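The values are calculated or read from the model by the stated rules, or taken from the named source; none is laboratory data. Just so it is clear, the structure is predicted and the values come from calculations on it, not from any experiment. So basically every Cβ, Gly included, is an ideal-geometry build from the backbone, and we count neighbours across all protein chains shown.
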Amino acid sequence: MKKRERSTGHPAIAFAWLFMLMAACATPPQGPGSGRVQEDHKPPGEALFQSSDYIVYILKGDETPGSLAQRFLGDPAKAWVIEDANEGTPFVKDQAIAIPLRDENRGGLSPDGYQVVPVLCYHDFAKTCKSSLCVPEQIFEEQIKYLKDNHYRVITLGELLGFIEYRHSIPKRSVVITIDDGYRSTYDIVYPILKKYGFRATLFIYTAFVGASRGAVTWDQLREMRNYGFEIGSHTISHIDLTKKLNDETDTSFSARIMKELKGSKDLLDSRLEQDTALIAFPYGKFNQTVLDLTSKAGYRVALSVKRGGNPLFADPMQLRRTQILKADMDAFVGSVKTFQEAPLAEKP
């Protein structure tokens, strides 16, 4: 039997032609010579092809997604853009990769469904726990390691808001970590673990608790975590049920009391942390239309409940869902970090 001759063509060349074809199909001609790579899109260095949308680049072997993001996208923090575009592709010498130059799929939409962002809600932590609101330190680190090992990216609520407002895309496996109340364990246990894995969190603090006991965080600790990249949001002043009227309380006095909880907390956080506090988590996850109206009036742009589920592009930023992490087992945790909701445009035959 005659041996089949092996092709001598470089696989990267085929890869380049593929992207040239994609670019040609995606962008209608714009006049004479439009089928050619424009003068300002000539491939830089080791690039095989460049358009206004993509670069096809041959790895030299010493690059990382971060260094490539710095070189071509101007920001090493955008390494995820290159990683997501080349999922499953090894970053080794002579490998061809695609580098997107434009923000792709800002809405996280596809013919099969849409991206959702899980927001995880924690409270307290300890070596060993008795309360369901407390997560053992070892379990928490296992959960964070799972996120890292499975290529999740922890984003901020500010970044999630930009996604919901259709201003920019976010990584495919995005997740937000939030921690309520302001226990000292946030600083002693959570902060070192998240730094170890390069992650951040959003803290929701009820201001009457700050520095109130040995079990509470201090303002200095909050400033330190904020300076590292944590977000600090409000959990009101005294952690009350914002929907519950007091006996014989009029609508006017009820609204005034709730506004004091909302605005007073924001003003104190703004003053102590030198920030414009835009985030709030409703105590016990409870809210109604009156509370929502007052929350917006107080100056908040993002508000969170404790209704389970992820948040897609079309989520209401004033009613974001969060999943409370209450069980100290990995199976429950893994089920809480789903980042894609299947919703095919047409039924499969």
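Residues that are touching a Cys at 6+ places or on another chain (Cβ under 9 Å) and among the aromatic types (Phe, Trp, Tyr) within region 250-285 are absent altogether. Count of region 269-296 residues, restricted to those that are touching a Leu at 6+ places or on another chain (Cβ under 8 Å) and among the charged types (D, E, K, R), is 2. If the condition is being more than 22 Å from Leu279 (Cα to Cα) and touching a helix residue (DSSP H, G or I) at 6+ places or on another chain (Cβ under 6 Å), then region 197-216 contributes Tyr197, Gly215.
The set of residues in region 127-164 that are assigned to a loop (DSSP other than H, G, I, E, B) and more than 14 Å from the chain's Cα centre (by Cα) comprises Lys127, Thr128, Cys129, Lys130, Ser131, Ser132, Leu133, Asn150.
Tell me yes or no: at least one residue of region 229-238 is in contact with a strand residue (DSSP E or B) (Cβ under 9 Å, 6 or more places away or on another chain), aromatic (Phe, Trp, Tyr) and touching a residue at least 60 places away in the same chain (Cβ under 8 Å). No, there is no match, as no residue in region 229-238 is in contact with a strand residue (DSSP E or B) (Cβ under 9 Å, 6 or more places away or on another chain), aromatic (Phe, Trp, Tyr) and touching a residue at least 60 places away in the same chain (Cβ under 8 Å).
Residues in region 257-276 that are farther than 12 Å from Leu242 by Cβ and either modelled with pLDDT under 95 or hydroxyl-bearing (Ser, Thr, Tyr) (or both): Ser271 only.
Residue by residue, here is whether (1) surrounded by fewer than 19 Cβ atoms within 10 Å (Cβ to Cβ); (2) under 23 Å from Lys307 (Cα atoms); (3) modelled with pLDDT under 95 holds:
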site	(1), (2), (3)
Ile189	no, no, no
Lys196	yes, no, no
Phe204	no, yes, no
Phe209	yes, no, no
Glu224	yes, no, no
Ile240	yes, yes, no
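Residues that are assigned to a helix (DSSP H, G or I), free of Cβ contacts under 8 Å to residues at least 40 places away in the same chain and under 21 Å from Gly264 (Cβ atoms) within region 189-219 comprise Ala208, Phe209, listed in sequence order. Against the numbered list (1) in contact with a Lys or Arg (Cβ under 7 Å, 6 or more places away or on another chain); (2) among the basic types (Lys, Arg); (3) free of Cβ contacts under 8 Å to residues at least 40 places away in the same chain, Arg71 comes up short only at (1).
Residues are listed down the side, and each one gets a yes or a no for (1) under 16 Å from Val302 (Cα atoms); (2) free of Cβ contacts under 8 Å to residues at least 24 places away in the same chain; (3) surrounded by 20 or more Cβ atoms within 10 Å (Cβ to Cβ); (4) touching a Pro at 6+ places or on another chain (Cβ under 8 Å):
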site: Gln138; (1), (2), (3), (4): no, yes, no, no
site: Glu142; (1), (2), (3), (4): no, no, no, no
site: Lys145; (1), (2), (3), (4): no, no, no, no
site: Leu157; (1), (2), (3), (4): yes, no, yes, no
site: Phe163; (1), (2), (3), (4): yes, no, yes, no
site: Ser169; (1), (2), (3), (4): no, no, yes, no
site: Asp180; (1), (2), (3), (4): yes, no, yes, no
